[in-house]
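Note sheet for the following structure.
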Amino acid sequence: MKICESCSFPMNKIEDFGGKNFDSKYCKYCAPDGKLRSKQDVRNGWIKVTMMKEKLSEEEAAKKVDEKMKKMPAWKK
Ligand SMILES: [Zn+2]
């Protein structure tokens, strides 16, 4: 199993991979057409998902996402 280097989404099926390409390092959400979206776009989408999944306020979700994002290979500097 591969994990998206941008958001840690687990990628199993070909549809999960960005651009439906098994060689892609990123998932369908972070790279719908195979090219990684901007950090801002990925962050916004991730915050929305976290709010829904964990029933958090936007502020709480943003804090969590920022913390996780720092550790992702695609975003850490
Ligand atoms: Zn991703």
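The values are calculated or read from the model by the stated rules, or taken from the named source; none is laboratory data. Model, not experiment: these values are computed from the prediction. Methodologically, a virtual Cβ is constructed for each residue, glycine included, from the backbone with ideal geometry; neighbour enumeration extends over all protein chains shown.
For the criterion of being surrounded by 11 or more Cβ atoms within 10 Å (Cβ to Cβ) and at pLDDT below 95, SER24 fails.
To keep it simple, each residue is scored yes or no on (1) more than 10 Å from the ligand (Cβ to nearest atom); (2) surrounded by fewer than 14 Cβ atoms within 10 Å (Cβ to Cβ); (3) among the charged types (D, E, K, R).
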site: ILE3; (1), (2), (3): no, no, no
site: SER6; (1), (2), (3): no, no, no
site: ASP16; (1), (2), (3): no, no, yes
site: ALA31; (1), (2), (3): no, no, no
site: VAL42; (1), (2), (3): no, no, no
site: TRP46; (1), (2), (3): no, no, no
site: THR50; (1), (2), (3): yes, no, no
site: SER57; (1), (2), (3): yes, yes, no
site: LYS77; (1), (2), (3): yes, yes, yes
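The set of residues in region 59-72 that are surrounded by 11 or more Cβ atoms within 10 Å (Cβ to Cβ) and assigned to a loop (DSSP other than H, G, I, E, B) contains only MET72. Out of LYS20, LYS13, one residue alone is more than 15 Å from the chain's Cα centre (by Cα) and at positive phi. It is LYS20.
Of all residues in region 30-44, those being within 19 Å of MET11 (Cβ to Cβ), in contact (Cβ under 8 Å) with a residue 24 or more places away in the chain and in a helix (DSSP H, G or I) number 1.
The residues of region 18-29 that are in a helix (DSSP H, G or I) and within 9 Å of the ligand (Cβ to nearest atom) amount to a single one, GLY18.
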